[in-house]
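First comes the structure, then the notes that go with it.
Each value in this text was obtained by applying a stated rule to the coordinates, not by laboratory testing. Computed from a prediction, not measured in an experiment: that's the story for all the values here. Positions of Cβ are backbone-derived with ideal geometry, glycine not excepted, and every protein chain shown enters the neighbour counts.
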Amino acid sequence: MGNDVNPSFSTSSSDKTKNVSSLSKVRSANGEETKGKAIDGVEKIGDDDEFDPSAPPPFRMAEIRAAIPDHCWVKDPWLSLSYVVRDVLVVFGLVAVAIYFNSWIVWPMYWVAQGTMFWALFVLGHDCGHGSFSDIPKLNSFVGYLIHSSILVPYHGWRISHRTHHQNHGHIEKDESWVPMPEKLYKTLDVSTKFLRFKVPFPMFAYPIYLWSRSPGKQGSHFNPYSELFLPSERKYIVTSTVCWTMMIALLGYLSNTIGPLQMLKLYGIPYLIFVMWLDLVTYLHHHGHEQKLPWYRGKEWSYLRGGLTTVDRDYGLLNNVHHDIGTHVIHHLFPQIPHYHLVEATKAAKPVFGKYYREPKKSGPIPLHLIGYLVRSMQQDHYVSDTGDIVFYQTDSQLYGPPRSKDE
């Protein structure tokens, strides 16, 4: 079955930006043009010597591409398959250990480890969807079906929506993953919806809901071949991946009936929830939670390059290798054809071209606990963007967690 998600994105290299002042003009929430200290309530621009992340970059896609060594573009199917074999062996090894000891001391460690391995498998299926797994479309689809179905992800449904995310990253209306809500839409949400969306840990369980109904303001389902997410020519892929997902549900039901629902909850259910938390944490922090607020674009200000430069790399310590360097995300977003095992080298080669547009990730200890702080702070501050303006930044709803206290309280 063909895999049509290996685009060159060559059109993105036509980043038609001119040598304009680094202090881009945008419209603030009241519709007035702003040039200077604050954009949409975010004080981020001072004098002309300060770096403005929303300014058009002085380089183009072709310059970044030229800086990356040629071998970084080579996809080795045997090497890719070796990572699949490695991860599958670890998954079944963890199951064997958990069943053998069957101890409440071991089970929590199993849940965390197995949920992390489910996430690692997801990343390999993600590579299949991009075509960075191999140059063989049928192999990509076959492995993608097996991996993603095993962790209850509709392979083609998610693959296509993720392609939309990459092609429109950083675009307020067209992006697909953790898209900021315009103020008008945000104000239509009831208090409980806002609370669940912005109060940790609730947003970390959003992925299954997203698969069924997408984000607020968007319609469609990853399981419905007639969803607006998909073209008519893609419907057959959605039917197939939904059938595979359904077969996995049936298998889980059969196993639950055979070994008992409690045992299946321990072996599969709780690790699945850990996997979902990993997925939501990592994908959110790829595009949010940086120390300085990052721009989002509309209209003529958006380009593939400028949108991709709003992506953030993250360091996951010992887990970098476990989940296949998915934290090395800027280069991946600009060039999703590069295999995961070349991302670190490609990033190192491209950094001199990026200059200040590359944000060096904070070095992690063995376990990336520092990322929890970034997540919580971002959820507390990044709530909506202005309805107007082609370059906007997240704003904060000061009433979200209750009315602000006076100084006397």
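Points worth noting:
- For the range 99-232, the Cβ-based charge dipole about the Cα centre amounts to some 260 debye (Lys, Arg positive; Asp, Glu negative; other atoms uncharged).
- With the simple model of a label 7 Å out from the Cα in the direction of the Cβ, Gln380 to Val200 spans 0.9 nm.
- Based on Cα contacts under 8 Å between residues 6+ apart, the range 152-281 shows a relative contact order of 28 percent.
- Across the chain, the relative contact order, built from alpha-carbon pairs under 8 Å that are at least six residues apart, equals 25 percent.
- Counting charges near Glu176 (Lys, Arg +1; Asp, Glu -1) among other residues having Cβ under 10 Å from its Cβ returns a value of +3.
- Take the Cβ atoms of Thr188 and Trp78, set R0 to 45 Å, and the FRET efficiency comes out at 0.30.
- Here the range 45-114 is assigned +1 on the Cβ of each Lys and Arg and -1 on the Cβ of each Asp and Glu. Its dipole about the Cα centre then comes out at about 780 debye.
- Nearest-20 debye value, the chain charge dipole, Cβ charges on Lys, Arg, Asp, Glu: 460 debye
- Helix runs (DSSP H) in the chain reaching 30 Å along axis by Cα, Kyte-Doolittle at least 0.5: 77-101, 106-130, 235-259
- Potential extension, Ile99-Glu360 segment - 0.36 nm per residue separation minus Cα distance: 89.8 nm
- Taken over the range 82-156, the percentage of Cα pairs per 10 Å bin, counting from 0 up to the bin with the maximum distance, is 20, 45, 24, 10, 1.
- Rounded Å value of the spacing that divides the Cα centres of the range 139-218 and the range 62-86: 27 Å
- In the range 149-233, trypsin sites (Lys or Arg not before Pro) in a DSSP loop with at most 15 other beta-carbon atoms within 10 Å: Lys187, Lys199, Lys218
- Subset of Lys187/Lys293; Lys187/Lys363; Lys236/Lys293; Lys138/Lys194 violating a 32 Å alpha-carbon distance limit: Lys187/Lys363; Lys236/Lys293; Lys138/Lys194
- Taking label positions 7 Å along the Cα-Cβ direction at both Leu146 and Asp397, the computed distance is 4.5 nm, reported to one decimal.
- Per-q log10 I(q)/I(0), the chain, q = 0.06, 0.07, 0.12, 0.14 Å⁻¹ (Debye; single scatterer per alpha-carbon; no solvent): -0.25, -0.34, -1.03, -1.39
- Helical content alone sets the calculated 222 nm signal of the chain at -14000 deg cm²/dmol, taking -39,500 (n - 2.57) per DSSP H segment of four or more residues and averaging over every residue.
- The range 172-330: C-alpha pair distances exceeding 22 Å, %: 58 percent
- Listing Ile105, Ile99 from fewest to most neighbouring C-beta atoms within 10 Å gives Ile105, Ile99.
- Charge-dipole axis of the range 182-333 as Lys and Arg at +1 and Asp and Glu at -1 on Cβ define it, positive-most pick from Cys244, Gly217, Leu281: Gly217
- Distance between the modelled labels on Leu139 and Leu318, one decimal in nanometres: 3.2 nm (7 Å Cα→Cβ projection).
- Each other residue within a Cβ distance under 11 Å of Phe202 adds +1 if Lys or Arg and -1 if Asp or Glu, for a net charge of +2.
- Sites matching GluC sites (Glu not before Pro) across the range 130-229 that sit in DSSP coil, with at most 15 neighbouring C-beta atoms within 10 Å: Glu173, Glu228
- A straight chain from Thr164 to Leu265 at 0.36 nm per residue would run longer than the Cα-Cα distance by 33.0 nm.
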